[in-house]
Structures are given as C-alpha cells and as structure tokens.
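Okay, structure first, notes after.
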Amino acid sequence: MVSKVTEILKNLSLTVEEKAEKIAEILSALPDKGAEETVRLILNADDYVVATYAANYLALLPNLQQEKIQAIEHILNNDKILAIAATNLVKAMPDDVVNQLINKYFQNPEDSDFSNIIYEVAQWFPDKLHPFAAQFKDSIIEKVILPGAADNYVEDLVKKYREEEDPQYLQTLVYIRTDKALDALITLSKTVPEEDLEDIYAYIESSGVFPETRKASLYWKNYRGYIVSRNESPHQMGGSFPHPVPKCPVTDIPANRILTLDLSQLDLGLKSGYNPSFFWYESGYSPGYIYVQFTEDGLKGLITPMTDGEVGTDLIPGELALKLEEYPLKYGRAGEAIPGFSYHQVGGYPNWIRFERFPSCPICDERMKFLVSIDSGMTPFGKLGFNGILYGFWCDPCAVSCTSHQSYMADFDSDEDEDDFE
Ligand SMILES: [Zn+2]
C-alpha cells in the first residue's frame, strides 16, 4: 500500500488534484475506508508530501477522532517540517489537543510552520484565542477570531464608525454575531448612507435576523457534514431522484440532486413535512438561483423548466449521502469563505465568499432562511464536479427550496469586465 501511494506521488504526469483523487480511490476501497492504513502512512511518512496527502484524506472521513488525534500528535511531535500536513485535521480536535496546539504556537510565534495550524484553530475555535487577541499582528487572524468578541469591542467599533463612517467597521461587526453586535448593526442601519444600506442589510441577515421583519434568518443548530456512502446516512446526495428535476433552459442539461435532508433525523424545528432537496447544474449558463416547490404531487419547478425524469450525475461522484455531526460553532466562522476544502454545513451562519442578500421566496415573497452550504473539493469517492460553494435556502411555510452558487471565478470575470470599461 505504501508503495502504491508513493508511486502515485512520484508520478510527475499527475496534477495535485489527480494524485489526491487516485490516493482517495485506493484508500477508500479498503475496509474501514482505509482509516487504519492512512494512519500507518502518516506514522511512517518521511516527508511532508506523503503525510499531507494522507492527512487530507483522513480529514474527509467522519468520526475517527482517536485516529485523527494519533495522526496530528505524531505529525506535530516528530518533525515540525511536517506541521503543514496537520492543517486539515485541526477542526476535528477535542479541547485538550487544541490547547496543546495553542501552547505549541506560542512557544515560538514567529515559527511559520505553525501559522497554518493557528489559522485553523482561529477558524474553528475562535473563543480559545480571545485571551491572546492582542498578541496577533496578523490582520487575517484578527478577523478570523472575531466571532463572539466582547461587548466593549463592539462599542468601540460603533464609536469609530460614527466618527469616521468607514464601512470597514461594519465589515468587522458582521463577524462578531453576538446580540450586542447584531443590535449595533440594526441601530447603525438607520443612519448609514443610502449606498451602504444594501450591504448592511446583508450583514444583518448573515448575523441572524432579517432586517425588515427581525425574524430569524437561519437555524441556530449547526451541523458539519462528511460525504459518505449511501448506507451511512439518511441525507442523500447524488444518484437518482423520484421526480423530474430542474434543467438548464438553454442546453437542457439536467440538474443533479445535490442533497436531500431527512428532517426526521435533524432538530431544526421545520414543520412543512417535506424533506428539502437542493439541485444544481453546470451548463455554462449559470441559473443564478434554482427554486423548486415541494407538493403532494412531487416537485414543481419555479422559474425553471423541469426534466421528464432525467437526473444529472456529473456533480456528485456516485450515490452518496451526507453524514452530519452536531458542531458547536456558536457564532459561526469569520472571514471570507475559501472554497474547495470539503467543508459542508447544515444550519448555523452562512460563510460567504462575498456577502449577499438571501433570496426571496417566489411564492410568498418573504426572504428565505439559510439552511445548507455544500463546498467543492475532494470526497473519499472522487472530486465534486463544481467549483466554489453551493448555498441552500428554505421557505418552510411554502415548502420551497432555493440553491445558489458563489465562486472565485465570478470574481475574476467581473474584474475583467471592469478592466474592459477602463
Ligand atoms: Zn414562501
């Protein structure tokens, strides 16, 4: 096994992604999805390349906390050159290991081998770094540890915004998400200049309430998801679907069923009785939003044509499912989302690549609540067939789902357009 993996890594004709995909293919075919073998690879790795590929694969598998701890401790204790390999495992660590990682970082904060590790700690355990906030000189870390920041810090930001009217203070408030920060955004929304109103409304929405109605804009319970075999979770992904699905009006390409949530297995307080499903296709003609309504007769497309029953299978690599674990990320994640790291989420605060207003329901015209985000990147079954992040919204009274998409690509496109005008 070790030799097969080393052979793939030495193959110069393969890209990084192809290597990750081939290694996942070999490991996932083993009993226990190759968890034991992956740990063995890490314990015997003599360079960071093997350790990184193996640790990144291990990070895609649900549970296995003991194996992940064993891997991370080995990586960190044996050779700091290997530290980068541990990055993707940090989010699965229990409190005591996270505390060890923080101690290790502060033994020598200038040591760049641990900067990735501390960034991960900041993202997933921001409150643990609040006592050290003054010691970070890195503006990215300062931003990432904002969730749950103290009330006097919020007061400070409000004061500075009132004095300078610099929108960057609003962009800082949006990531704090405490009641205090939300109240501050609502209060400031009454005084911001007209051109900042849409932005601050988007911030308020992403902080937990709709600015117009003050009703909750999201579900407080937060789950993270791992893509697993169909028999490992009731929340289905990919494969066939019992009803016609949306299709591209230009190319007729059918949508993939990205995810169906089995609400009987989740504690979200939804009452419609329908299990929300989310759909997407990649046809070169981005739909912007895909809306469907769930009815007694099946699925009804809203502002989208539907197939005769055909379903796309190009975006989800197989008949899979999403295994969910409750994850106590009380105030969500801060900073712009970086897609491609297989972080899938149900409930909680949306982590946008760039802020935008939540979509409105085409039936009742009310804003829809944020419910899921499905990241791109690797799975144990191969790579997902889209870039960026898919965001799923739900109107429970109307049983309507909406799927939208953000990626870096769109950013580059709009930059190019701007250049054309100059
Ligand atoms: Zn509605």
A careful count of residues in the range 354-363 that are over 19 Å from the mean Cα position of the chain (by Cα) and open to solvent by 50 Å² or more (accessible area, probe 1.4 Å) gives 2
Failed criterion for residue 215 (all others in (1) touching a strand residue (DSSP E or B) at 6+ places or on another chain (Cβ under 8 Å); (2) touching a residue at least 24 places away in the same chain (Cβ under 8 Å) hold)
(2)
Could you check how many residues of the range 242-270 are part of a helix (DSSP H, G or I) and either within 19 Å of residue 319 (Cα to Cα) or out of contact with any Pro (no Cβ under 9 Å at 6 or more places or on another chain) (or both)?
0
Of (1) in the same structural domain as residue 284 (by TED's automatic domain parsing); (2) under 23 Å from the mean Cα position of the chain (by Cα), residue 249 fails just (2)
Checking the structure you have, find out if any residue of the range 67-87 is in a helix (DSSP H, G or I), more than 27 Å from residue 176 (Cα to Cα), modelled with pLDDT of 95 or more and within 19 Å of the chain's Cα centre (by Cα).
no
Restricting attention to strands (runs of 3 or more DSSP E) lying wholly within the range 293-398, give those where 1 or more residues are modelled with pLDDT under 95 and away from the ligand (no atom under 16 Å from the Cβ).
298-302, 320-326
Just one listed residue, out of 284, 273, 239, is at pLDDT below 95, within 25 Å of the chain's Cα centre (by Cα) and not in a strand (DSSP E or B), and it is 284
Could you pull out the residue among 115, 189 that is of a type in the set (Gly, Ala, Ser), more than 18 Å from residue 349 (Cβ to Cβ) and open to solvent by less than 40 Å² (accessible area, probe 1.4 Å)?
189
Could you please let me know if residue 85 is buried (at least 23 other Cβ atoms within 10 Å of the Cβ) and in contact with a Ser or Thr (Cβ under 6 Å, 6 or more places away or on another chain)?
yes
Report whether or not residue 376 is under 17 Å from the mean Cα position of the chain (by Cα) and under 24 Å from residue 247 (Cβ atoms).
yes
Exactly one of 110, 164, 155 is of a type in the set (D, E, K, R), farther than 30 Å from residue 196 by Cβ and open to solvent by 70 Å² or more (accessible area, probe 1.4 Å), and that one is 110
Count of residues meeting criterion [touching a Phe, Trp or Tyr at 6+ places or on another chain (Cβ under 9 Å) and under 17 Å from residue 334 (Cα atoms)] in the range 188-219:
9
Are there any helices (runs of 4 or more DSSP H) wholly within the range 105-198 with 2 or more residues that are small (Gly, Ala, Ser) and over 26 Å from the mean Cα position of the chain (by Cα), and if so which?
179-189
Just one listed residue, out of 181, 134, is outside the structural domain of residue 330 (by TED's automatic domain parsing), open to solvent by less than 20 Å² (accessible area, probe 1.4 Å), free of Cβ contacts under 8 Å to residues at least 40 places away in the same chain and farther than 30 Å from residue 24 by Cα, and it is 181
Can you tell me which of (1) among the hydrophobic types (A, V, I, L, M, F, W, C); (2) within 18 Å of the chain's Cα centre (by Cα); (3) part of a helix (DSSP H, G or I) is the one residue 279 doesn't meet?
(3)
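One line per residue, one yes/no per condition, for (1) within 18 Å of residue 369 (Cβ to Cβ); (2) open to solvent by less than 60 Å² (accessible area, probe 1.4 Å):
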{"position": "196", "(1), (2)": "no, yes"}
{"position": "207", "(1), (2)": "yes, yes"}
{"position": "212", "(1), (2)": "yes, no"}
{"position": "223", "(1), (2)": "yes, yes"}
{"position": "227", "(1), (2)": "no, yes"}
{"position": "254", "(1), (2)": "no, yes"}
{"position": "261", "(1), (2)": "yes, yes"}
{"position": "266", "(1), (2)": "yes, yes"}
Quick one: residue 341 ticks every box in (1) over 30 Å from residue 138 (Cα atoms); (2) open to solvent by 50 Å² or more (accessible area, probe 1.4 Å); (3) touching a residue at least 60 places away in the same chain (Cβ under 8 Å); (4) not aliphatic (A, V, I, L, M) bar one, so which box is it?
(1)
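Conditions (1) under 21 Å from residue 100 (Cβ atoms); (2) open to solvent by less than 10 Å² (accessible area, probe 1.4 Å), marked per residue:
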| position | (1), (2) |
| --- | --- |
| 37 | no, no |
| 43 | yes, no |
| 51 | yes, yes |
| 59 | yes, no |
| 68 | yes, yes |
| 73 | yes, no |
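The values are calculated or read from the model by the stated rules, or taken from the named source; none is laboratory data. For clarity, every value in this text was computed on a predicted model and none was experimentally measured. FYI the Cβ positions are ideal-geometry reconstructions off the backbone, even for glycines, and counts take in every protein chain you see. The area values use the complete protein model at the heavy-atom level, side chains included, leaving out ligands, DNA and RNA. Shrake-Rupley method; radii C 1.70, N 1.55, O 1.52, S 1.80 Å.
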